[in-house]
Amino acid sequence: MKQSLGLIILFTLILLALVLAGCGTGPMQGPSAVTSPPPTPTPPAPPPTPNNITAVNHIVLFMQENRSFDHYFVNLNLYRATKGLGPDVDLMNPALVSLPTWDGSPNVTPFHMNSMCSLNLSSAWVETHVDIDKNSASAPRNPPPMDGFVYTAGGYCAHSAQCWDTVGTRAAGYYTDTDLPFYYWAATQFATSDRWFSPNPTRTQPNRTYLLAATSEGHAYPPTPTNPWNLKAKTIFQLLEENHITWKVYVTSGITASTPTGNTYMNYYNQFTPLHTANFVPATQFATDAAAGTLPQVALIESGYETGQDEHPNDDVQKGALYAHDIVSSLINSPSWKDSVFFLTYDEGGGFYDHVPPMATVNPDGIPPIDILPGDIQGDFTITGFRVPLIVFSPFTKKGYVSHTPADFTAMLKFIETRFGLPNLTLRDKMQPDMTEFFDFAGAPNLNPGPIENQPVFGRCYQDHLP
């Protein structure tokens, strides 16, 4: 009995040892050992930036007023040389230009303006055609001599009691990098084009409709009380709205409770714009949205037409350039910069001399001019206006790039349409290049463009004597 009891005790002790080993109280060994908790999974890497136009998530359009390419950038090749770049830009040689006057005074050679503003000039339909060729009304020449600028500027004054420059000298004036250092820096750090034209050989208002809808619907002249516009073409913003692409118009002046869209050319489209007043916001909100990362996919900035910030000839160009500097800087210094494109350009040449003739193009929608008078120079919207400045800001912009591809500024609409897979608005934007030549989407060479050049406002702005 004692022997049996001893065996029972022995078997119990062995069984207890096995149980304790299975509970992990002993050293870990074999399949019964306790394992470590599984490691925290590594989050997946963010997808790489696409090496194509889909890397762009924000497109901003900013258009100033009435300046030609030679008028602003005549010294751009000299400036490029200081940065180690070649003379890649087609620019006038002032010494080779001699422009006839209105009143028969000796011809005028282009000169450096010493005033930051001037008396107005006319870039209306007839005057633009005479700028191209002083003989255009009687015996037009081929190639166009581009010799009427001073002549029409003088004629504008001869028919105005408030304008004394009947020679037309101011049309031959130009600015340099000493006046506009921000623009010269930007056009060299980023990219420009020496074949970039306004779409319509006439004034601001018909050209602005090309920015919005790629057509002026037959208009060569601005609306008047006796000839109001009733524009019905589809705008780029209606196209975006229909395709669920976000957009805003940032308006510099005029937004009030009674005018919720402010001073915007979108007011010409009164069947669409009043239904979307929430998309029109003060321009001061642009910097806020850029800093917060809440910019829309497409934006238009309407300049300070009533506040002297639009670079119109009778306004201080440095004040307007400073306004552009501050807007662009707010984007470059924001988290939104990494996937944005910002186009800065001008609506028309303003009557200032440029040596390159307008390019041939297509009528956007087959509508002939509906407001040209019988005595006017005739036309059919198959030539552009004059060259205007362009600067393409983006982290993807090729440094120092100069495009020589002929285009009018409806190419910016083509860029939007290409990015978002949208149909073209008219034949005009359809025939434009898509502007992808300006960019390196894989390398993003301007992601960190360095210090932004300042834009001083130091020059005198006067209109009481020759500029």
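The values are calculated or read from the model by the stated rules, or taken from the named source; none is laboratory data. Since we're looking at a predicted model, the values are computed, not measured. All Cβ positions, even for glycine, are placed from backbone atoms using ideal geometry, and neighbour counts span all protein chains on display.
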Q: Only residues that are within 20 Å of the chain's Cα centre (by Cα), assigned to a loop (DSSP other than H, G, I, E, B) and in contact (Cβ under 8 Å) with a residue 60 or more places away in the chain: list them for the range 236-251, please.
A: ILE245
Q. Given the residues ALA186, ALA171, which is the only one that is among the aliphatic types (A, V, I, L, M), more than 27 Å from PHE393 (Cα to Cα) and part of a helix (DSSP H, G or I)?
A. ALA171
**Q.** Any pair with Cβ under 9 angstrom, 6 or more apart, that starts in the range 328-341 at a residue that is on the phi < 0 side of the Ramachandran plot and free of Cβ contacts under 8 Å to residues at least 60 places away in the same chain and ends at one that is of a type in the set (S, T, N, Q) and surrounded by fewer than 18 Cβ atoms within 10 Å (Cβ to Cβ)
**A.** SER330/THR288
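Each row is one residue, and each column tells you yes or no for (1) in contact (Cβ under 8 Å) with a residue 12 or more places away in the chain; (2) closer than 23 Å to THR418 by Cβ.
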site: GLY262; (1), (2): yes, no
site: ASN279; (1), (2): yes, yes
site: PRO282; (1), (2): yes, no
site: ALA292; (1), (2): no, no
site: LEU295; (1), (2): yes, yes
site: GLU302; (1), (2): yes, no
Q. In the range 241-259, what residues are in contact with a Pro (Cβ under 9 Å, 6 or more places away or on another chain), under 19 Å from HIS58 (Cβ atoms) and among the aliphatic types (A, V, I, L, M)?
A. ILE245, VAL251
**Q.** Verdict on ASP365 being of a type in the set (Asp, Glu) and without any contact (Cβ under 8 Å) to a residue 24 or more places away in the chain
**A.** no
**Q.** Only one of LEU300, LEU295, LEU240 that is closer than 24 Å to LEU390 by Cβ and touching a His at 6+ places or on another chain (Cβ under 6 Å)
**A.** LEU295
Q.
Which condition from (1) closer than 18 Å to ALA191 by Cβ; (2) more than 24 Å from the chain's Cα centre (by Cα) is the one that PHE62 breaks?
A. (2)
Q: Check whether at least one residue in the range 212-227 is in a helix (DSSP H, G or I) and either at pLDDT 95 or above or within 18 Å of ILE372 (Cβ to Cβ) (or both), and report yes or no.
A: yes
Q | Filter result (crowded, with 17+ Cβ neighbours inside 10 Å and of a type in the set (Lys, Arg)) within the range 366-423 | A | ARG387, LYS398, LYS414, ARG419
(Q) Filter the range 110-157 down to the residues that are touching a residue at least 12 places away in the same chain (Cβ under 8 Å) and hydroxyl-bearing (Ser, Thr, Tyr) and list them by number. (A) SER115, SER118, SER122, SER123, THR128, SER136, TYR151, THR152, TYR156
**Q.** Neighbours by Cβ (under 8 Å, 6+ apart or cross-chain): first from the range 199-212, in contact (Cβ under 8 Å) with a residue 40 or more places away in the chain and under 17 Å from LEU427 (Cα atoms); second surrounded by 24 or more Cβ atoms within 10 Å (Cβ to Cβ) and basic (Lys, Arg)
**A.** PRO199/ARG428; TYR210/ARG428
